[in-house]
């Protein structure tokens, strides 16, 4: 049985809030690569929450930029767009060594990256 759009949106929003809390936890613990990734996840899930709440039934993909394009059609607040547009760069490189030109994720991201991703 499918949930109504509001309930499905709330499920995604609650997880987005938890991911952002986990990003803050990792920021304090100096796990900057994880803080960046979890900030990306929070943005992705918040956009999915918005789309589900607007009646979208199947929201696929992990690209925040693509989700933003879909959300704009539902009159998304332009302030949201400013804060989330750059999050895609934290999806792969924060977790996989082959997503970087050299080095490993836990060494490649610093506090400034984590703060920028969180904001």
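For the structure I just gave you, tell me whether residue 56 is closer than 19 Å to residue 77 by Cα, out of contact with any strand residue (DSSP E or B) (no Cβ under 9 Å at 6 or more places or on another chain) and modelled with pLDDT under 95. Considered against the rule, which asks whether it is closer than 19 Å to residue 77 by Cα, out of contact with any strand residue (DSSP E or B) (no Cβ under 9 Å at 6 or more places or on another chain) and modelled with pLDDT under 95, residue 56 comes out as yes.
The one condition from (1) surrounded by 21 or more Cβ atoms within 10 Å (Cβ to Cβ); (2) more than 15 Å from the chain's Cα centre (by Cα) that residue 28 does not meet is (1).
Scanning the range 90-114 for residues that are free of Cβ contacts under 8 Å to residues at least 12 places away in the same chain and either within 14 Å of residue 62 (Cα to Cα) or out of contact with any helix residue (DSSP H, G or I) (no Cβ under 9 Å at 6 or more places or on another chain) (or both) returns 92, 98, 101.
The values are calculated or read from the model by the stated rules, or taken from the named source; none is laboratory data. What you see is a predicted model; the values in this text were computed from it and never measured. For neighbour counting, all protein chains shown are included, and Cβ atoms are generated from backbone atoms with ideal geometry for every residue, glycine included.
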